[in-house]
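> Pasting a structure here, questions to come.
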Amino acid sequence: MKLVKWTITIGLVMCFVHMVLGQEAVLSNAYNRKCLSLDGHWKYIVDPYENGFYNYRYEPFEYQSNPGNGAFFTNAKRKSPADLVEYDFDKMDSLIVPGDWNSQDDKLFYYEGTVWYKKSFDYIKSEESNSVILYFGAINYTADVYFNSKKLGRHVGGFTPFQFDVTELLRETDNYLIIKVDNKRAKEGVPTLNTDWWNYGGITRSIKVIELPQTHIADYTIGLADDMSGIHGTIQLQGNSKARQQVQLQIDELDIDTSLITNASGQVDYTIIADDIKYWSPDSPKRYAITLTTDADSIVDTIGFRTITTAGSDIMLNGEPIFLKGISIHEESPIRGGRANTREDAEMLLGWAKELGCNFVRLAHYPHNEHMIRLADEIGLMIWEEIPVYWTIDWTNPDTYNNAENQLSEVLSRDKNRACVIIWSMANETPVSEARNTFLSKLATFIKHKDSTRLISAALEQKNYNGNPLVRTIEDPFAEIVDVLSFNQYIGWYDGNIEKCQTISWHIDQNKPVIISEFGAGAKYGLHGPRDERWTEEYQEYLYQETIQMIDQIDQLRGVSPWLLVDFKSPRRVLPNIQDNYNRKGLISEKGEKKKAFFVLRDYYNSKE
Ligand code: GCU
């Protein structure tokens, strides 16, 4: 049998060494950098058997000694006529980037596997000495990235940004970027095999070409000093002339115009006394225009200044107790469907949260796109961000831990200067075990070391108190480590009928704030009936009424984020004519229709100071 092989050419330099170039640390405030956006139409090839990556003996081409067996597709027109070519990107259909493939191509509705993407572009640097990076907002789930026939590297994790420096590979015309995207679920993944959301695959957030001065402002933090007397932070330059460089920090509204000098490694820590800072809060989301300038670079940002701490069972914003009036949100585009990724999607979702009377949102169960965070900063919504350490993670696998920690590191790099982010959550409903406790404790130590300015939490395990089924309590070793005790409870939905809410009490020993991070019931919009009939709007409405009564008895209750704002897609929810692949616990349908329970929660929040 004549061996059919996918002839692919590849740069001679890298293919057989399969060097995975280290990803750079994520550039601070890439959001505000001038860039060439690569959003738009990308050619794609669906490759369920990964023929573009493995030879017929299932050996990765990249490890091949013979450079002729490349590791990926490249543009067919580059081949000599003698080459056997069995694919041609230029003749393929396109997918829109950013965007998941499931909602763009009916043939890919359930698809889990590899899709190859290709984009060509020209680029002329404005300064020959400048650096150029490719910045990826997020790709779900594993991305193998190739640029002008060189392997840049692999990124694992579907919801956080990453980047590669392409300065040495860039040319003025016909640059081509090829990405192998694989969204297959895996036991060792984060999340693992089992979730209650749709596994949207693809280049789900924007990709940008960002040109930077050779020595530039790579990383910075800026925030309110713990004693609220001024502002402090760190600035890190990157490049050949980073040492002993002057950095000008300007905040005109605070009469700050300070010259700072970096040390030998290009870093400078600073504290600047400032009077009359108006603190950021949901009621008054005051932000200041800041500018950082060096002799070669300049970046602008808008920064809110606030502190978030706990005092016993109180959550303290700027030293004052606050109750978190929240709602949980999945990252799905209302009305359009598929992954949300635009400013308009964020405006619709967070607009509904504001209509509910929220001052807080739980972005479940993974880091959402940056439009959500930037808009929450702007309109005044505090945010709980979490990584998808969800249910039955492979706790003993070091690669799984490193993946979880990397996702936490990347979302922190992106959002650390956003006042609205107040809680980092390590986990959701993860069964207690020695390995799980170790895994989560290590994550908590990591994030607390990186960011001591925010609170940490997790949706913890709860159970009957002293074996009494009518008294619930938090029994979870991780409760000793988190700042805020959170747990999900579904009394009246998964656990008995709604009247059970009237018989349950809560016994919580720990002197820490408590958030009920989930409660709810399914309801199909427009289905009406008696309040004891499941799936009716009346059932969901009655459950909200009874649950609010029940949880208000918890002395340490300082917040709630019911499950959830909008019906969302899940392959677990298949009841015909009721679910039809949707989890129906939304207060709003996927068509934007508000259910009766929406108004129960809104009235509860409006009644709370
Ligand atoms: C769990 C889980 C959610 C899930 C919800 C439900 O608590 O955290 O991801 O969607 O319950 O059952 O609807």
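> Name the residue that is farthest from the ligand (Cβ to nearest atom), counting only residues in the range 536-590 that are in a loop (DSSP other than H, G, I, E, B) and touching a Pro at 6+ places or on another chain (Cβ under 8 Å).
Going through the qualifying residues, I end up with Q556.
> Only one of these is among the aliphatic types (A, V, I, L, M), under 26 Å from R244 (Cα atoms) and either surrounded by 15 or more Cβ atoms within 10 Å (Cβ to Cβ) or in the same structural domain as R33 (by TED's automatic domain parsing) (or both): I277, I272. Name it.
I272
> Now for a separate question. Looking at K524, is it surrounded by 15 or more Cβ atoms within 10 Å (Cβ to Cβ) and away from the ligand (no atom under 12 Å from the Cβ)?
yes
> Oh, and also: Give the residue, chosen from F519, F439, F446, that is within 16 Å of the ligand (Cβ to nearest atom) and not acidic (D, E).
F519
> Exactly one condition in (1) within 20 Å of E609 (Cβ to Cβ); (2) part of a strand (DSSP E or B) is not met by R306; state its number.
For R306, the exception is condition (2).
> So Y279 ticks every box in (1) within 16 Å of the ligand (Cβ to nearest atom); (2) aromatic (F, W, Y); (3) more than 25 Å from the chain's Cα centre (by Cα) but one. Which box is left unticked?
For Y279, the exception is condition (1).
> Does A419 satisfy the condition of being closer than 25 Å to L317 by Cα and not hydroxyl-bearing (S, T, Y)?
yes
> What are the residue pairs meeting all of these: first residue in the range 387-405, first residue without any contact (Cβ under 8 Å) to a residue 60 or more places away in the chain, second residue part of a loop (DSSP other than H, G, I, E, B), Cβ atoms under 7 Å, and 6 or more apart or on different chains?
These pairs meet every condition: W395/S433.
> Please work out if I481 is away from the ligand (no atom under 16 Å from the Cβ), closer than 29 Å to G304 by Cβ, surrounded by 15 or more Cβ atoms within 10 Å (Cβ to Cβ) and under 20 Å from the mean Cα position of the chain (by Cα).
no
> For E499, all conditions in the list (1) in contact with an Asp or Glu (Cβ under 7 Å, 6 or more places away or on another chain); (2) modelled with pLDDT of 95 or more hold save one; what is the number of the exception?
For E499, the exception is condition (1).
> Looking at this structure, is V247 touching a residue at least 24 places away in the same chain (Cβ under 8 Å) and either in the same structural domain as G337 (by TED's automatic domain parsing) or within 16 Å of the ligand (Cβ to nearest atom) (or both)?
It is false that V247 is touching a residue at least 24 places away in the same chain (Cβ under 8 Å) and either in the same structural domain as G337 (by TED's automatic domain parsing) or within 16 Å of the ligand (Cβ to nearest atom) (or both).
> Would you mind telling me which numbered condition in (1) of a type outside the set (D, E); (2) over 30 Å from H232 (Cβ atoms); (3) in contact with a helix residue (DSSP H, G or I) (Cβ under 6 Å, 6 or more places away or on another chain) P388 fails?
If we test P388 against (1) of a type outside the set (D, E); (2) over 30 Å from H232 (Cβ atoms); (3) in contact with a helix residue (DSSP H, G or I) (Cβ under 6 Å, 6 or more places away or on another chain), just (3) comes out false.
> Name the pairs: first residue in the range 527-546 and within 15 Å of F599 (Cβ to Cβ) and touching a residue at least 60 places away in the same chain (Cβ under 8 Å), second residue crowded, with 18+ Cβ neighbours inside 10 Å and polar (S, T, N, Q), Cβ to Cβ under 7 Å, at least 6 apart or on different chains?
none
> What is the one condition in (1) within 16 Å of the ligand (Cβ to nearest atom); (2) farther than 20 Å from E370 by Cα that D182 does not satisfy?
Checking D182 against (1) within 16 Å of the ligand (Cβ to nearest atom); (2) farther than 20 Å from E370 by Cα, the one that fails is (1).
> Which of (1) loosely packed, with under 13 Cβ neighbours inside 10 Å; (2) modelled with pLDDT under 50 is the odd one out, the single condition Y58 does not satisfy?
Of the numbered conditions (1) loosely packed, with under 13 Cβ neighbours inside 10 Å; (2) modelled with pLDDT under 50, the odd one out for Y58 is (2).
> While we're looking at this one, here's another question. Does S452 meet the test of being small (G, A, S) and away from the ligand (no atom under 16 Å from the Cβ)?
yes
> Checking the condition over 28 Å from S284 (Cα atoms), in the same structural domain as L349 (by TED's automatic domain parsing) and within 15 Å of the ligand (Cβ to nearest atom), which residue from W391, W384, W395 passes?
Only one candidate qualifies: W391.
> Please determine whether any residue of the range 465-473 is part of a loop (DSSP other than H, G, I, E, B), over 20 Å from the mean Cα position of the chain (by Cα) and free of Cβ contacts under 8 Å to residues at least 24 places away in the same chain.
The answer is yes, given that some residue of the range 465-473 is part of a loop (DSSP other than H, G, I, E, B), over 20 Å from the mean Cα position of the chain (by Cα) and free of Cβ contacts under 8 Å to residues at least 24 places away in the same chain.
> Which condition does D532 not pass, out of (1) in a loop (DSSP other than H, G, I, E, B); (2) within 20 Å of E355 (Cα to Cα); (3) more than 14 Å from the ligand (Cβ to nearest atom), if it passes all the others?
If we test D532 against (1) in a loop (DSSP other than H, G, I, E, B); (2) within 20 Å of E355 (Cα to Cα); (3) more than 14 Å from the ligand (Cβ to nearest atom), just (2) comes out false.
The values are calculated or read from the model by the stated rules, or taken from the named source; none is laboratory data. Not measured: the values here are computed from a predicted model. FYI the Cβ positions are ideal-geometry reconstructions off the backbone, even for glycines, and counts take in every protein chain you see.
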